[in-house]
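Following: one structure in structure tokens, then a few remarks.
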Amino acid sequence: MRAINLQPVLLLPSRRFFSISSSRRLHSTSCSFCYSPTLRLQSITPVLLFYSCRAMSTASVPRVIHVSDTIDLTEKERKIFDRLLATVRHFNLPTQLRVAGGWVRDKLLGKDCYDIDIALDDMLGSKFVDKVTEFLASTGEEAQGLAVIPSNPDQSKHLETARMRLYDMWIDFVNLRSEKYSENSRIPTKMDFGTAEEDAYRRDLTINSMFYNINTSSVEDLTGRGIEDLRSGKIVTPLPPKETFLDDPLRVLRAIRFGARFRFTLDEELKKAAAAYDVRDALAAKISKERIGTELDLMMSGNEPVEAVKYIYELKLFSVVFSIPPDYEPTLPEDYNRFCVAYMDAGWNLLQSIGSFAFNDDQRRLALYASLFFPLRKATYKDKKAKEIPVVNYIFRDSLKRKASDADRVIGVHSAAERFLELIPFLESKSCGDLDALDLNNGFFDVSSSSKLRVSVGFLLRDIKDFWQVALLVSMLYYPSDVAPCYEDEDSSDGRRNSFKKRREVFKTVEDAICRLGLEKVWESKPLVNGKDIMNVLQLKAGGPLVKEWQQRTLAWQLANPTGSAEECLDWMRENHQKRIRLE
């Protein structure tokens, strides 16, 4: 790991970033946190002095990876291939059937793979699927899941893909290709059936360019580099990298994803090409946001998400992938993306420290996004109707074309994390303390002091629901522990380890406290009284703000009295309603 210099950053809710110079040189493979207990966020939340201590890329380390000489088929794979070969024999076809790409790579590495892509040397995939369907019908079987996905050269999808299900596995069929381009365009002007060798050289990476010939039961490494690069752990393109990337710019992100996933080394020429202006422009112009977003989700769901995003940063692709609107406020520092990567690094380390098994796949994925976009949580822009919209919302919905619910979740996690910061000291000490001094907007009303903590946490968890542990994790990234700050000397790694240990302990303490309060699934509890009950007590004929207010008040009562009944809640409401009438 090479040493790097990074400046710490102050993150303030006043919507300003402040740089603090630092000459320390960092050598750790983890992150550390330094806090100033005298500074407050919005007069409440402590300030984080954050240092990213991991280099943005790892040095090339020679590796020798075990690669099998042969491919062992599972029983299901054998049945699938036998069915396809039976189709070829039934119609007396000269067709050579080759499994392409990732399946071959993974099988050679001894890994299971359920993504089978078949390359055909003399017909379109849709034509061959028709043949398979006809053959199955002749044996009394019915084809399942038939679909054809058309080509879209404008978005760098050059091949028609046919799809069907065999033995409960999806199989894709495409033709081998050979392309010709005009002088000033990377969109093919002519698409011909190609040889297997021509197709192999048009693939994204050498490790993905190998075939398994079903007809001959043999592995074909037609670039002459696939197995070699797989054994040495290298990410290399079959053709010159710029040519490969301009052919399909999404291959830049695929190279990054596979490099991170397998912990392989990106070829230096590949990195130069990926960072080139024309490749970046092509990625922004030619590739749909949906395809970019899908690649990002695959990275986030992978085993090395931070390394993948670090490559995106290092190769100067961050602003292309995570584009933000031009007019936003407050002003972000020019290198805000570096801090985004640093926070994601910290979130990932903390997630690993706590135990990622405690989170399901979706929670883990959005925890990483919430950490990555934490420095942007205060930034907003105005839409066409002059409405203020969070920049995080723009990234999810416009830059990555992800689900609107992903944006809402991450924005909700950021908000809940700040609310958690107010409550953590009380949950740690098991005391309500001075909860009255906090502006929690829960409408405590007549809730007793001893119940205020349960009510406050209950309202928070009802808002964030089953993502409350994600919000708690994000709050740990800037929670002011009593861990000593980083030191300049080589022993500072002890301080960093202690910092993560302390945050893990606080997370577990708060998690246990919430469980003791019986709130871990509080959002699943139905309100004891509904709007109609409230309207009857208030003698109202229609709903309105008063009904909404009493819904909050009765919910607070319910949280404060977990064993209370609906009738007891209504009795309390009648009594308090009469008090209000007398006072008015």
Original post:
Among the residues of region 217-264 satisfying the criterion of being assigned to a helix (DSSP H, G or I) and of a type in the set (V, I, T), which is most open to solvent (accessible area, probe 1.4 Å)?
Top reply: I227
Original post:
What do you reckon, is S319 assigned to a loop (DSSP other than H, G, I, E, B) and either buried (at least 20 other Cβ atoms within 10 Å of the Cβ) or polar (S, T, N, Q) (or both)?
Top reply: no
Original post:
Out of the residues in region 442-470 that are more than 20 Å from F359 (Cβ to Cβ), in a helix (DSSP H, G or I) and open to solvent by 60 Å² or more (accessible area, probe 1.4 Å), which is modelled with the lowest pLDDT?
Top reply: S449
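Can you go through A282, A275 and tell me which one is touching a Lys or Arg at 6+ places or on another chain (Cβ under 6 Å) and open to solvent by less than 30 Å² (accessible area, probe 1.4 Å)?
Result: A275 is the single residue among A282, A275 that is touching a Lys or Arg at 6+ places or on another chain (Cβ under 6 Å) and open to solvent by less than 30 Å² (accessible area, probe 1.4 Å).
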**OP:** Please give the helices (runs of 4 or more DSSP H) falling wholly within region 56-152 in which 2 or more residues are modelled with pLDDT of 95 or more, among the charged types (D, E, K, R) and touching a Cys at 6+ places or on another chain (Cβ under 8 Å).
**Re:** 102-108
**OP:** Could you give me the residue pairs with C-beta distances under 7 Å whose first residue belongs to region 256-278 and is within 17 Å of E307 (Cα to Cα), whose second residue is surrounded by fewer than 14 Cβ atoms within 10 Å (Cβ to Cβ) and not β-branched (V, I, T) wherever it lies, and which are 6+ apart or on separate chains?
**Re:** R261/N303; T265/S60
Original post:
Looking at region 557-584, which of its residues are within 46 Å of the chain's Cα centre (by Cα), outside any helix (DSSP H, G or I) and farther than 18 Å from K532 by Cα?
Top reply: N561, P562, T563, G564
Original post:
Does any residue in region 531-550 that is over 14 Å from R574 (Cα atoms) come within less than 7 Å, Cβ to Cβ, of a residue that is in a helix (DSSP H, G or I) and not hydrophobic (A, V, I, L, M, F, W, C) six or more places away or on a different chain, and which pairs are these?
Top reply: G531/Q551; G543/G531
Subject >> Residue count for region 288-306, restricted to those that are within 13 Å of the chain's Cα centre (by Cα) and open to solvent by less than 50 Å² (accessible area, probe 1.4 Å) >> reply: 11
Subject >> Pick from region 377-404, criterion in a strand (DSSP E or B) and touching a Pro at 6+ places or on another chain (Cβ under 6 Å), ranking: surrounded by the most Cβ atoms within 10 Å (Cβ to Cβ) >> reply: T380
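Taking the condition of being among the charged types (D, E, K, R) and either touching a strand residue (DSSP E or B) at 6+ places or on another chain (Cβ under 6 Å) or within 17 Å of P305 (Cβ to Cβ) (or both), how many residues in region 348-381 meet it?
4
Tell me, yes or no, whether region 337-357 has at least one residue that is farther than 30 Å from K508 by Cα and surrounded by fewer than 17 Cβ atoms within 10 Å (Cβ to Cβ).
no
The values are calculated or read from the model by the stated rules, or taken from the named source; none is laboratory data. Note that this is a predicted model, so its numbers are computed, not measured. Every residue, glycine as well, gets a Cβ built from its backbone with ideal geometry; the counts of neighbours run over all protein chains shown. We work out accessible area using only protein heavy atoms, side chains counted, and drop any ligands, DNA or RNA first. Shrake-Rupley method; radii C 1.70, N 1.55, O 1.52, S 1.80 Å.
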